[in-house]
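Accompanying notes for the structure given below.
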Amino acid sequence: MEFSHIPVILEKTIESLAVRPDGIYLDGTAGGGGHSSEILKRLGDNGRLICVDQDPSAIEVLNERFGGDSRVSIVRSNFSEIPGITEELGINGLDGVLLDIGVSSHQLDCAERGFSYHTDAPLDMRMSQSGRTAADLVNELSFNELVRILSCYGEEKYAKNIARAIERERAAAPITTTLQLAEIVKSAYPAAKRHDKHPARKTFQALRIAVNGELDRLSEGLDGAFASLKTGGRLSVITFHSLEDRMVKQRMAHWCEGCICPKDFPVCVCGRKPSGRLILRKPVEADENEQKENPRSRSAKLRCCERINLTIY
Ligand SMILES: C[S@@+](CC[C@H](N)C(=O)[O-])C[C@H]1O[C@@H](n2cnc3c(N)ncnc32)[C@H](O)[C@@H]1O
């Protein structure tokens, strides 16, 4: 299957990175290489690009696409490991990092990866193709853990009904496929609510986040990426739902915060200086045309922060 993924907010994202021809950049979610190839176009012979992805299928595609380019290193890893990746490559500071979070259209469209509730497939959802599957979680987690995951990661109002239905079904036989789970979720929804959006949407999002540890990896990834930037280096992040965007917004605000002394102190005693500066005051979203052409871009938000100080609080 060909790698089909249209990079979102492409122009503004590359612009936010202000690529220098001789700079060193890291694309932590290189996927099909859409954003990476635009970074590469702006690099001269002395520039360098590190393409990271945790999915072996993406690594295969990246090797085919960029394998012959001596400026590119392709690394199968998690972006939560950026400091280790750069150290291993002997790189001392990055000029820019891009994180375009979440799953690719390719992963969603490969039925056998088990991300979609539209086609029947094993209930998998692992981006890295290793570790515990969604089926493992659905069949093994306690009622309380299921409710927590569905509520926290899916913001699912009917989490308890769904967890109860899962418990009932798995007592009879293990839940192993995407459509089996989608039907269970549907049956747990109030009849009047079954026809708005697909009832399984939030459950599938929640399980995907849990299977891939997405919020924990993002938290580690943000800190590791920012710590790996040189002064003047930039971190651009594209997110697709509010849980991720909130984390990025708060982390960037924290880096950009200066003195935290109480307002009535006549002089600063904390000595804290901002270590970052926001390049985009507000998140950038896909324009109307892009949203029409690529519905996946509708929920995308781009934020960017520049490192201005080597001390990070
Ligand atoms: C939205 S796609 C990125 C697409 C890419 N920007 C392009 O233009 O083709 C996200 C990619 O990031 C990868 N990914 C998601 N979380 C990751 C993580 N924590 N570490 C490494 N790769 C990750 C996924 O496997 C997927 O290939």
I'd like to check one number: the per residue accessible area of the chain, probe 1.4 Å, reported in Å² as a whole number. 48 Å²
Whole-number percent relative contact order across segment 129-211, with pairs defined as alpha carbons under 8 Å at least 6 apart: 40 percent
Charge context of A206, other residues only, Cβ under 14 angstrom, K/R +1, D/E -1: +1
Which entries in the list K12/K263; K12/K197; K157/K292; K157/K301 go over 27 Å, if you measure between the two C-alpha atoms of each? K12/K263; K12/K197; K157/K292
Just flag the trypsin sites (Lys or Arg not before Pro) in segment 207-298 sitting in loop per DSSP whose Cβ has no more than 16 other Cβ atoms within 10 Å. K263, R272, R281
Translational diffusion coefficient (Stokes-Einstein; Kirkwood radius from C-alpha pairs) of segment 183-311 at 10 °C, 1.306 mPa s, in µm²/s: 90 µm²/s
Grab the DSSP H runs of the chain that are 4 residues or longer, score each as -39,500 (n - 2.57), total them, divide by all residues and round the 222 nm result to the nearest 500 deg cm²/dmol. -12000 deg cm²/dmol
Carbon/sulfur accessible area of the chain, % of total, 1.4 Å probe, equals 48 percent
According to a simple spin-label model (label point 7 Å from Cα along Cα-to-Cβ), what is the distance in nm between A111 and K197? 2.4 nm
Relative contact order as a percentage, the chain, C-alpha pairs under 8 Å and 6+ apart, gives 18 percent
With each pseudo-label sitting 7 Å past Cα toward Cβ, what's the D216-L89 distance in nm, one decimal? 2.6 nm
Antiparallel content of DSSP bridges confined to the chain, in %, to 5: 40 percent
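The values are calculated or read from the model by the stated rules, or taken from the named source; none is laboratory data. It should be emphasised that the depicted structure is a prediction, and the values quoted were computed from it without experimental measurement. Virtual Cβ from ideal backbone geometry, glycine too; neighbours counted across all protein chains shown. All accessible areas refer to the heavy atoms of the entire protein, side chains included, with ligands and DNA or RNA removed. Shrake-Rupley method; radii C 1.70, N 1.55, O 1.52, S 1.80 Å.
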